[in-house]
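Q: Below is a structure I'd like to ask you about.
No value in this document is a laboratory result; all are computed from the given coordinates. Quick caveat: nothing in here was measured; it's all calculated off a predicted structure. Backbone-built Cβ (ideal geometry, glycine too); neighbour counts: all protein chains shown.
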């Protein structure tokens, strides 16, 4: 298994174009996070072009945060193209359990077998049909409560499922890892979870999904730890976090990653 | 009457979920402002789910900044649900006087009796049918010119009206207060007014509307004063402002609030 | 020819209202950039009001970044109003060559003779029908490769064309200038190009298009240079950049502008 730093190096060398269909809240910060990490984000969601773009993008991410009917059509079109191409795509099922509209949209996307599903515990539990108490975008359940749901969902998609929280849990249904990097300030900044989904998408290009996802999560959490060293609150944390994503070297990531087999 | 700090404590203890239908410019900063203050924002506006979400949200805010026909339907649906539940909701009538589309939308929302209307002087005057010269989102009239309009509008809605500017004016049609906290840099940062509307929404949960609104405005203005102590321009002001929203204690708010009966 | 500082002074004295139809990623940062520079941005794009607003706005900018069918209608309506009024408007043809939808929309807008077209080399080449290899919002071609395309496009529109990159190239089809201000970090921050389009729009109000565009580009690049003096990465660069836009004086701009006839 390659070091996390090697996965970061490979992502930066590829500097992959990644198409993102994400929510209005996240678009700007997600693009900045991906640029700071070293990827090339493209926010393309219109029905008129979403499939044409998906036909050549190396990776796609879909986030159901601010959902509306025309966007659902675009999401399904783009995911279908990636599925048919055998190209990697990531699903971020924001608040999947909150309303019927979200539950149905998330289920239709899961059926298109995302390479990775990344969500908080409440979202992964809702997606696996195992409850979950979250009403908004914030988790109301602990990561450990969602481990069985993650394994079940991975078996269903044939892909990777990542439950993020204080300690992340990542599984492909067979193997599993826990990643302990991160900082408690991260959930107090909007769209950092959504933006992580974009970073995972960038790591997937040309790399094995389970290892790449684990490395992306360790990298992201380590950037949070670096940011916390100087931050005075959520405003300065956000600034230092983008700087850290840009400045963390592969060597520092390999040294600082706290990954354990689960 | 409770101290402003007590209102802040109660808001943070509740950490209320607040549904926001807001404009594209404000979504990210509003979510970050509300998280920094201690609330849990949810940006939910799609016709397919807006009413379902409004049925359980403790508070709702509606902002007409970047208006379009489908969103107007969602706004009216959500406001109607809150009205029927007797639950608190806040209207932010951005640029209400600029176009016929805005005037009509704002009037239809006012008829659903918002718990609080928060706007600048030009917007409140336009809403009360008393003129107002603003063309964009920036005020072209002074707060004092809008006091009569605020009282008239409060009488019409049976709720609270807050006119924000260098010195804010808040009234329920009978009682009135002026809040002198704030900093001249605040209008030079986009969506800080929109984001304040979200903070007011969070303060309303389980608290009396007039007092909660006054406390929210003092808290917000004080955060601006704290930010100004270190800011070098609008970029560093925004960062320090989010930090201050997070770091201001109830004691500091009570000590620093500059509230006077009007 | 007036100094760049004089153009900045005139823009700030006018503090012009500028209507912007831009993409979701850029809206917030563009508004903050324009406010920091001294303009008054208004993000107005809905079919119901876009033409009414365009009838009185001193300047308009149109950006095709996150395109969809209803927005194309709004763009064409607003551009037609400006064309008929003889009022200035700027086109930002983001990723113009990436999909058929973008190529068609950009061509229809070019036919309405934008006062200024501002794009990267790949976008200007695509617009002039001369190739261009960019797939996303990032340039895949050098500025020099696009000079002929810029001259050809300017001849077609009768306006100014600005190709931005490490060294910018601006032409009205007859005269041409190169502007060497800027910093390599700028393309690593999303929507800084889009936001520059808004600043160009603000400079156009009451000023000659070629000179005003050159001054706006020098001012923007100089703010990047100032930001680079203290930035530790893209997060702190963004903060320092907004501060610099606010703090740069006309005198400093005139002294620091690196403009040469081409």
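Q: For the pair residue B:83 and residue C:15, what calculated FRET efficiency results from E = 1/(1 + (r/R0)^6), where r is the Cβ-Cβ distance and R0 = 35 Å, to the nearest 0.05? Let's see the in-between values first.
A: On the way: r = 39 Å, r/R0 = 1.12.
Efficiency at R0 = 35 Å is approximately 0.35.
Q: Right, here's the next one. Quick one: of the DSSP bridges fully inside the stretch C:112-250, what percent are antiparallel, nearest 5? Don't skip to the answer; put the middle values down first.
A: Numbers: 7 of 11 bridges.
Given both bridge residues lie in the stretch C:112-250, the antiparallel proportion sits at roughly 65 percent.
Q: What ranking do C:241, A:56 get, fewest neighbouring Cβ atoms within 10 angstrom at the top?
A: Ascending number of Cβ neighbours within 10 Å: A:56, C:241.
Q: Arrange C:83, A:246 by Cβ neighbour counts within 10 Å, fewest through most, would you?
A: C:83, A:246
Q: What average count of beta carbons from other chains do you get within 10 Å of the Cβ of residues in B:29-41?
A: On the way: counts 6, 3, 7, 9, 3, 1, 6, 7, 1, 1, 0, 4, 5.
The per-residue average across the peptide is 4.
Q: Residues of A:98-104, mean number of Cβ from any other protein chain within 10 Å of their own Cβ, rounded to a whole number?
A: Details: counts 6, 10, 3, 8, 6, 0, 1.
Per residue, the number of nearby Cβ atoms from other chains is 5 on average.
Q: If you wrap a convex hull around the Cα atoms of chain A, how much volume per residue is inside, in Å³? Numbers along the way, then the final one.
A: Details: hull volume 26.8 nm³, N = 262.
Once divided by residue count, the hull of chain A is 102 Å³.
Q: Moving on. Based on C-alpha coordinates, I'd like the Rg and Dmax of the stretch C:127-262, in Å.
A: Spelled out, the Cα radius of gyration and Dmax of the stretch C:127-262 are 14.8, 43 Å.
Q: Classify the protein assembly as shown as rounded, prolate or oblate from the Cα gyration tensor: take a ≥ b ≥ c as the square roots of its eigenvalues, call it rounded if a/c is under 1.5, otherwise prolate when a/b beats b/c and oblate if not.
A: On the way: a/c = 1.45, a/b = 1.00, b/c = 1.45.
Rounded is the answer for the protein assembly as shown, as its axis ratio a/c remains below 1.5.
Q: Using Cβ contacts closer than 10 Å as the measure, can you line up C:74, B:122, A:152 from fewest to most? Display every interim value, and only then the final one.
A: Values: C:74 21, B:122 30, A:152 18.
The order, fewest Cβ neighbours first, is A:152, C:74, B:122.
Q: For chain A, modelled as a Gaussian network with Cα springs under 10 Å, which listed residue fluctuates most, A:189, A:248, A:62?
A: A:189
Q: Using a Gaussian network model of chain A with C-alpha springs under 10 Å, which one of A:102, A:188, A:113 is most mobile by mean-square fluctuation?
A: A:188
Q: Taking every Cα atom in the stretch A:51-130, find the radius of gyration and the maximum pairwise distance Dmax, and write them in Å.
A: Spelled out, the Cα radius of gyration and Dmax of the stretch A:51-130 are 11.9, 36 Å.
Q: Here's something else I'd like to know. Please report the antiparallel percentage of DSSP beta bridges with both residues in the stretch C:73-189, rounded to the nearest 5. Kindly include the intermediate steps, with their values, before the conclusion.
A: Working: 7 of 13 bridges.
The answer is about 55 percent antiparallel.
Q: Please compute the contact order of chain A in relative form: average sequence separation of alpha-carbon pairs under 8 Å and at least six residues apart, divided by the residue count, as a percent.
A: Numbers: 581 pairs, mean separation 56.5, N = 262.
Relative contact order here is 22 percent.
Q: Quick one: among B:91, B:204, B:67, which has the greatest mean-square fluctuation in a GNM of chain B with alpha-carbon springs under 10 angstrom?
A: B:67
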